[in-house]
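The next block holds one structure in the form of structure tokens; read it before the comments.
Values in this text are rule-based calculations from the coordinates and carry no lab data. Predicted model, so just to flag it, every value in this text is computed and none were measured. No Cβ is skipped: glycine too gets one built from the backbone with ideal geometry, and neighbour counts run over all protein chains shown.
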Amino acid sequence: MPDSILEPLPLPWNFWDSDSFDFPEHRMFFFIPIKGTSDVASLGWWDGKEIIWLLEHYHASGNELIFYTFKDEEMIESSKQEWFAYAQENTPQCMDWILFRLSELKLT
């Protein structure tokens, strides 16, 4: 699959709870919905080997969003500003979709 995927592919709402994450060997822009809704619980970019950035909405902590970037071969928690800069630098093809949905993703 090309790097030019502009829309995230939906994964099942219980994806993180499954026995196998079963990510493909190609690059993928993906989202995971909150159960029973179309709201985004997770949004990420998989480079074919690793997740290089991830936005997570944790239900237990209210509306809090946690941002992760991949640095020195591990996921690290980042600020919103660091995450935006990282996502824009590494996956500019995703930014139109993200920017169009700032309020939906609770990023404003």
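Taking residues in region 89-108 that are part of a helix (DSSP H, G or I), and partners anywhere that are exposed (fewer than 10 other Cβ atoms within 10 Å of the Cβ), the pairs with Cβ atoms closer than 9 Å and at least 6 places apart or on different chains are Q93/S4. In the set W53, W45, which member is of a type outside the set (S, T, N, Q), part of a strand (DSSP E or B) and in contact with a Cys (Cβ under 7 Å, 6 or more places away or on another chain)? W45 is the lone residue from the list that is of a type outside the set (S, T, N, Q), part of a strand (DSSP E or B) and in contact with a Cys (Cβ under 7 Å, 6 or more places away or on another chain). Reported count of residues in region 24-38, each being touching a residue at least 24 places away in the same chain (Cβ under 8 Å), out of contact with any Leu (no Cβ under 8 Å at 6 or more places or on another chain) and surrounded by 12 or more Cβ atoms within 10 Å (Cβ to Cβ), is 3.
Could you check region 60-96 and list, in sequence order, the residues that are under 19 Å from M28 (Cβ atoms) and surrounded by fewer than 16 Cβ atoms within 10 Å (Cβ to Cβ)? Answer for region 60-96, where residues must be under 19 Å from M28 (Cβ atoms) and surrounded by fewer than 16 Cβ atoms within 10 Å (Cβ to Cβ): M75, Q88, E89, N90, P92, Q93, M95, D96.
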